[in-house]
Amino acid sequence: YVQDGGGFVGIGESALLEQGGAAFFNTLTGLAAARITGTGAASSADVEFLDRVHPATRQLPLVQKSVNETWYTWATNPTGSVHTVARVRGNTLPDGSSITNDAVSRFTGGTATIQPQLNRPAAWCRDVQQGRSFYTEIGGASASWSDASVKKLGLGAIQWAAGMVRGGCKAGINSNYTATKITPQNPTGQNADYV
């Protein structure tokens, strides 16, 4: 169905289905066969919506404070094989403001506490042959659906996956790009900016 142009939207615990099983479901979720480490932990975290154009996130604030969900620690970070549209800010600075895991060492000198791979994705999408796949752990708790932002995220994801609205999910996927070095390699032990 999806390969022929249909869509899939996974929410919350759907990421845990068929772990170690069907390879195609791994493709749909954008996760490896071993999907999470440990068990998900219910807590409140700030969520940063990265894609300001995708139909699922364009009407959402840049950062939504105190989102209560079950957050998973992904066994393999899907970023790079999917287009991440939202990520969790699971760490805080001494003043209490939230920061993303990839900024922890820069601002505090400490290490990231929620996702060892630094970037902590919470929602993403990808094209699957002729179809589309969207996954979000936001909305996994039934109480979440009383929030207008969760409804907008879910509706945009469904509309996009169903092909009702246009949206790109190719950005941020490493296999869509090639790197070409346009400057000569630096001499050993020298920084080309100072030569």
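The values are calculated or read from the model by the stated rules, or taken from the named source; none is laboratory data. Note that the structure is a prediction, hence the values are computed from the model and not measured. Positions of Cβ are backbone-derived with ideal geometry, glycine not excepted, and every protein chain shown enters the neighbour counts. Ligands, DNA and RNA are excluded from the accessible area calculation, which covers all protein heavy atoms including side chains. Shrake-Rupley method; radii C 1.70, N 1.55, O 1.52, S 1.80 Å.
Looking only at segment 127-138, count every residue that is surrounded by fewer than 22 Cβ atoms within 10 Å (Cβ to Cβ) and under 15 Å from GLY10 (Cα atoms) and tell me the total. Residues meeting the conditions: 3. Here the strands (runs of 3 or more DSSP E) wholly within segment 1-84 that include at least 2 residues being open to solvent by 40 Å² or more (accessible area, probe 1.4 Å) and among the aliphatic types (A, V, I, L, M) are 7-11, 41-49.
Restricting segment 182-195 to residues that are open to solvent by 100 Å² or more (accessible area, probe 1.4 Å) and in a loop (DSSP other than H, G, I, E, B) leaves a set whose member that is modelled with the lowest pLDDT is VAL195. Take segment 169-181 and flag every residue that is within 19 Å of PHE8 (Cβ to Cβ) and exposed (fewer than 14 other Cβ atoms within 10 Å of the Cβ). LYS170, the sole residue that qualifies. Using the structure shown, decide if ALA75 is under 14 Å from the mean Cα position of the chain (by Cα) and more than 26 Å from MET164 (Cβ to Cβ). The answer is yes for ALA75.
From the list TRP160, TRP145, which residue is assigned to a helix (DSSP H, G or I), in contact with a strand residue (DSSP E or B) (Cβ under 8 Å, 6 or more places away or on another chain) and modelled with pLDDT of 85 or more? Please lay out each step first, then the result.
Numbers: TRP145 fails: in contact with a strand residue (DSSP E or B) (Cβ under 8 Å, 6 or more places away or on another chain).
When all the criteria are applied, what remains is TRP160.
Answer yes or no: is there a residue in segment 31-47 that is β-branched (Val, Ile, Thr) and under 22 Å from ARG132 (Cα atoms). No, there is no match, as no residue in segment 31-47 is β-branched (Val, Ile, Thr) and under 22 Å from ARG132 (Cα atoms). ALA32 fulfils the conditions (1) touching a strand residue (DSSP E or B) at 6+ places or on another chain (Cβ under 9 Å); (2) in contact (Cβ under 8 Å) with a residue 60 or more places away in the chain except for a single criterion, (2). Restricting VAL104, VAL128 to those that are touching a Ser or Thr at 6+ places or on another chain (Cβ under 7 Å), closer than 22 Å to TYR1 by Cβ and at pLDDT below 95 reduces the list to VAL128.
Return the only residue of VAL63, VAL53, VAL82, VAL47 being closer than 20 Å to SER175 by Cα and either touching a strand residue (DSSP E or B) at 6+ places or on another chain (Cβ under 9 Å) or at pLDDT 85 or above (or both). Spell out how you get there, then give the answer.
Values: VAL63 fails: closer than 20 Å to SER175 by Cα; VAL53 fails: closer than 20 Å to SER175 by Cα; VAL47 fails: closer than 20 Å to SER175 by Cα.
Unique residue meeting the criteria: VAL82.
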